[in-house]
Structures are given as C-alpha cells and as structure tokens.
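J.: Please find one structure pasted underneath; my questions will follow.
Derivation of every value follows stated rules applied to the coordinates shown; laboratory data play no part. These figures come from a predicted structure and were not determined experimentally. Cβ sites come from the backbone with ideal geometry, for glycine too, and all protein chains shown count toward neighbours.
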Ligand code: AHR
C-alpha cells in the first residue's frame, strides 16, 4: 500500500485551520462527483478550510485554478489532474511559493519527483488487468477460434485510460485468440460513449464483436443506449466489461446487461486527510499511496456492498 517514504516539513507551524486549494478535473461522472464529495467531506470533518475549483475537463482552466491558489498563498494544494503531461511549470511555481501539492486520482508525469508530496490513487493498471482476466476466464473453455474485442477508451493522455489499456492488453495477451479489433474514444462521458458507439455501429458489424471493454461506467451507459437500437443483446450476444462500479452499473450487472464491473475506488477522502494530517504534523508521507479495490461479476453480483456513487 505504501511504496516509498519521504521526510517532509510543513512550511510553517500552522496555528489556525490550514487553507487547502482543491482543483478537481471535472464532473463528468457519478464516480467523479463522489470523489469530490469524499475529499471535501473529510477535509471539513478535520476542520480544514477549502477553496474548491472545478476544471470542467479543461487542463488550461485547472492550471489557472492552481495559479489562483498560489496567489492566495494557500497552505497546500490538492490536484486531481485531467491529463498526465503539462504540469511541470505550474508545479514549479507552487514549489517556489513553498506550497506542497498532493496529487489525487490520475497520475501526472514530471521529471522532478519533488514537485509533489504524494500521489493518492486507484491502481489503474490492475483495473485493466482485472478486466482482462475476466475476459480470458470467460472464454477459457470456449472452442471459438478468435475473441474480437472493441475497446472504448477514456480521455486521451489520462493515466486512468492509458494504464487500463496497458493492463488489459497485457492480460488478454495470454490468450492468442484475443484481439482488440478496434478502439474508439468516449472521453469518459456518457454522451461521447453513446456517440462513438452509434458511429461504430453505423460503419461496422457489431455482431462480429465478442467483447466490449469500456474504461468507465458513464461511457458504458451511453454505449448501451446505442447497442439497444440493434438486435444485439448486451451481456448475452456481447460480453461487456466496464470500470468504476457505480450504483447504476451494478444494477445492470444484476439484470445481466453487463458481465463484469471492475471497481475504481472514489472514496479517497480518508487517505487524503490522513496524508495532510501527517504532513502538517511534520511526519513522513509516502510518495505513492494506492487504495483497495475489487471486482464484481455474475459470481458475486448479489453480494455487492452499498454503493455511494
Ligand atoms: O480517473 C478516474 C476515472 O475518471 C473514473 O474511472 C472515471 O469514471 C472518471 O471519469
């Protein structure tokens, strides 16, 4: 769970409630809304003062939000980056202003690891591997000679999409019959998921596809709308594997419209506040923190714990 450690010193001895700037990447899914709520609730519980900004799926806007926090001289910044690249300059500005940055959810790529204090996230690669494992297990006894997969990707340059793709490809690679026949991009939203799936159906024969692997539940919900315009029965003629485990997708699993739901844990609040408390107490904070997650399929669909998102 805790990978590497680094000793840290808070900027000053904080006597009043520290002010935290929280830059969220957007509100594209129930998952994201709960991620925000979890962090804000826990910050409030521990009496942190919060300046919150929504980046509305726009990196430039998020960078501006971080600059605003720097201008306000907040005590610490929480950043949920939309994409992986392009953060180095603004993180250098934060470092120069002696404001530590806690990265949450997606990864960001920087040469200088000291530009952020810690990264608290899901293990996206493991999620992709779990999705791939479901597919290889599902077809293990089948005599069919090919397994054709359609992949519905999330936002370009978002580590959640890149690593899920990587983990999935690694695992299905163990079955030489499995091929990703096409990849379409739904940008992690329901509307785009429906649009690109409808477009795919218009130009290809979906009945030739065995599996849909979707990087998020919101995109899956959109794709299902488009699939239901055809004669293909989702969950039966087309195996569907999706990531997040939102309440609405668990219900689809329970009625057999999707086959496997890989959980992505949005409940980051406790982990974030724990890291902040440690930092402000002058204690060590690990540089990488991963949260626990699981998988749901036909075998445990009736035992899914209560979802809050
Ligand atoms: O970065 C995490 C992903 O972002 C979630 O899986 C998805 O639903 C959200 O949009």
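J.: Taking the Cβ of each residue in 273, 19 as the centre, tally the other Cβ atoms inside 10 Å and list the residues starting with the fewest.
T.: Final ranking by Cβ density, sparse to dense: 19, 273.
J.: Another question about this same structure. Which distance in nm do the two modelled labels at residue 298 and residue 181 give, with both placed 7 Å along the Cα-to-Cβ direction?
T.: In this crude spin-label approximation the distance works out to 2.1 nm.
J.: Given a cut-off of 30 Å, what percent of all Cα-Cα pairs of the chain lie beyond it? Please report the intermediate quantities before stating the final value.
T.: On the way: 16662 of 47586 pairs.
For the chain, the share of Cα pairs beyond 30 Å comes to 35 percent.
J.: Could you check how many percent of all C-alpha pairs in segment 124-264 are farther apart than 26 Å? Before the final figure, lay out the partial values.
T.: Numbers: 1242 of 9870 pairs.
For segment 124-264, the share of Cα pairs beyond 26 Å comes to 13 percent.
J.: Looking only at the chain, where both bridge partners belong to it, what percent of the DSSP beta bridges are antiparallel (to the nearest 5)?
T.: Values: 6 of 45 bridges.
Roughly 15 percent of the beta bridges in the chain run antiparallel, per DSSP.
J.: If I take all pairs of Cα atoms in segment 183-309, what percentage of them are more than 25 Å from each other?
T.: Values: 2861 of 8001 pairs.
The calculated P(r) of segment 183-309 puts 36 percent of pairs beyond 25 Å.
J.: How much FRET efficiency would the formula 1/(1 + (r/R0)^6) give for residue 142 and residue 50, where r is the Cβ-Cβ distance and R0 is 45 Å, rounded to 0.05? Kindly include the intermediate steps, with their values, before the conclusion.
T.: Numbers: r = 51 Å, r/R0 = 1.14.
Taking R0 as 45 Å, the efficiency between residue 142 and residue 50 is 0.30.
J.: Where does each of 232, 172 land when they are ranked from fewest to most other beta-carbon atoms within 10 angstrom?
T.: On the way: 232 15, 172 26.
Fewest-to-most ranking of 232, 172: 232, 172.
J.: Just how far, in whole angstrom, is segment 23-47 from segment 113-166 if you go by their alpha carbon centroids?
T.: Using only Cα atoms to place each centre, the spacing works out to 24 Å.
J.: Same structure, new question: Among 183, 189, what is the fewest-to-most ranking by other Cβ atoms within 10 Å?
T.: On the way: 183 12, 189 20.
So the residues, fewest neighbours to most, are 183, 189.
J.: Modelling each spin label as a point 7 Å along the Cα-to-Cβ direction, I'd like the residue 278/residue 114 distance in nm, to one decimal.
T.: So the two model labels end up 2.0 nm from each other.
J.: Taking a spot 7 Å from the Cα of residue 208 along the direction of its beta carbon, which residues of segment 165-184 have an amide N less than 17 Å from it?
T.: Residues 178-184 fall inside that zone.
J.: At a Förster radius of 41 Å, what calculated FRET efficiency corresponds to the Cβ-Cβ distance of residue 92 and residue 27, to the nearest 0.05?
T.: 0.90
J.: Expressed as an acute angle from 0 to 90° and rounded to the nearest 10, what is the orientation of the C-alpha long axis of helix 59-71 relative to the principal long axis of the chain?
T.: With both axes taken from Cα atoms, the answer is about 20 degrees.
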